[in-house]
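First comes the structure, then the notes that go with it.
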Amino acid sequence: MNNIPKIPVGRWVDGFVTYLNETFEGFFGWLSDGIEGFTDLIVYGLMAIPALLLILIVTGIAWYVSRSWSLPVLAFVGLLFIVNLGYWEQTIDTLSLVLTSVIISIIIGVPIGIIASQNETFSKIMTPILDLMQTMPAFVYLIPAILFFGIGVVPGIIASVIFAMPPTIRLTNLGIRQVPEDLVEAANAFGSTTMQKLIKVELPLATKTIMAGINQSIMLALSMVVIASLVGAPGLGVDVYRAVTRIEVGRGFEAGIAIVILAIILDRITQHLGTKKKEG
């Protein structure tokens, strides 16, 4: 086996990344400015709202989607606890990073999932690509992301998008494929076009499954906040990383608790939102 020449996969990848960087440098710069500007807009918008008022807004959203008191109480008490710990600004930074990542994942992932549901060949091509995106160590994504976008929030968001997008694609594809055949045949019998059938029949019936995929994408994006902090992304991940490097157990636990609270609130709200849309 030692006599078999090594396949230069690493050299091929390096060459491909260098080619992309040299050829599309202007595009990557434009994309970086756009993503960073959108993230800053979310941060400034949320920070412009007083903490207590924003907590009440989130509590109101939690009550609206759940129609019970358990989730609003959890949101109100949990967010007040984060304010008390002194991690409100970091939580807003983390939330903006997650929202940006998830919005990009939805914009790209849902259309890809729709195409995969309509085209079996495309679905088979996407399956190994999605497997690669989910199983490749997230740190690997940071290397080309830094090369393309530099240090800061953008490479962290790009890595989060790559890592978090597969569930949205997979469950959009699955949800549309699970629409009962008799309903699809009825739509065809009434002369619906492919677009009409998609918008009026398939997507509404697949909403609950699609929302489950978005929910998973949110959780995966949140799991990337510490990794994103390694390349300069702000937020709670910075405090966790500093606590690890300085062996500050208490600080790490506080920042970790803040991440957990944020994750639980986002998870419960999106779960109830999917159920509410299904019932509606």
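The values are calculated or read from the model by the stated rules, or taken from the named source; none is laboratory data. Predicted, not measured: the structure shown is a model, and the values here were computed from it. Note that we place each Cβ from the backbone using ideal geometry, even for glycine, and neighbour counts take in every protein chain shown. Accessible surface is based on the protein model in full, side chains and every heavy atom, while ligands, DNA and RNA are left aside. Shrake-Rupley method; radii C 1.70, N 1.55, O 1.52, S 1.80 Å.
The loop-placed chymotrypsin sites (Phe, Trp or Tyr not before Pro) in segment 90-183, going by DSSP, include none that has at most 11 neighbouring Cβ atoms within 10 Å of its Cβ. Pairs of Lys residues in the chain are counted when their Cα atoms are under 18 angstrom apart and they lie 8 or more places apart or on different chains; the count is 9.
Rolling a 1.4 Å probe over the protein heavy atoms leaves THR121 with an accessible area of roughly 90 Å². For the chain, just say rounded, prolate or oblate: build the C-alpha gyration tensor, square-root its eigenvalues into a ≥ b ≥ c, call rounded for a/c under 1.5, and beyond that prolate if a/b exceeds b/c, oblate if not. Since a/c reaches 1.5 but b/c is at least a/b, the shape of the chain is classed as oblate.
Against the empirical 2.2 N^0.38 Å (N residues), segment 1-88 has a Cα radius of gyration ratio of 2.00.
For the chain, hydrophobic long helices are taken as DSSP H runs at least 30 Å long by C-alpha position along their axis with mean Kyte-Doolittle hydropathy of -0.5 or more; these are 25-47, 88-118, 153-177, 249-279. Remark: accessible surface ordering of SER32, SER223 (largest first) is SER223, SER32, probe radius 1.4 Å. For segment 1-116, relative contact order (Cα pairs under 8 Å, six or more residues apart, normalised by length) works out to 24 percent. The Stokes-Einstein estimate for segment 140-269, based on a Kirkwood radius over Cα pairs and taken at 10 °C with 1.306 mPa s viscosity, is a diffusion coefficient of 93 µm²/s.
Here segment 70-177 yields Rg over Rh of 1.09, to two decimals, using C-alpha coordinates and the Kirkwood radius.
Dimensions of segment 197-280 along the principal axes, based on C-alpha atoms and rounded to the nearest Å, stand at 56, 22, 13, largest first.
Please report the carbon-and-sulfur percent of the accessible area for the chain; probe 1.4 Å, protein heavy atoms only, DNA, RNA and ligands left out.
Numbers: 10300 of 15180 Å².
Roughly 68 percent, rounded to a whole number.
Accessible area per residue for the chain in Å², computed with a 1.4 Å probe and the full protein assembly in place, what is it?
Numbers: 15180 Å² over 280 residues.
For the chain, the per-residue accessible area is 54 Å².
This model, with +1 at the C-beta of Lys and Arg and -1 at the C-beta of Asp and Glu, gives the chain a dipole about its Cα centre of some 580 debye.
For segment 1-148, taking Cα atoms only, Rg and Dmax work out to 21.7, 69 Å respectively.
Using Cα-Cα distances under 8 Å and only pairs 6 or more residues apart, what relative contact order does the chain have, in percent?
Values: 319 pairs, mean separation 62.9, N = 280.
It comes to 22 percent, rounded to a whole number.
Of the whole protein surface, LYS208 contributes about 100 Å² of accessible area at a 1.4 Å probe radius.
Quick one: dipole size for segment 165-280, taken about the Cα centre, charges +1 on Lys/Arg Cβ and -1 on Asp/Glu Cβ, in debye to the nearest 20. Kindly include the intermediate steps, with their values, before the conclusion.
On the way: 12 positive and 9 negative charges, 26 e Å.
The calculation lands at about 120 debye.
Determine, for each peptide in 183-191, 97-105, the mean count of other beta carbons within 10 angstrom over its residues, then list the peptides with the highest first. The partial results should precede the final answer.
On the way: 183-191: 12.1, 97-105: 23.8.
Those peptides, ordered most packed to least, come out 97-105, 183-191.
THR100 sits among other residues whose Cβ lies under 13 Å from its own Cβ, and their net charge, with Lys and Arg +1 and Asp and Glu -1, is -3. Evaluated with a Cβ-only charge set (Lys, Arg +1; Asp, Glu -1), segment 85-225 carries a dipole of roughly 80 debye about its Cα centre, given to the nearest 20.
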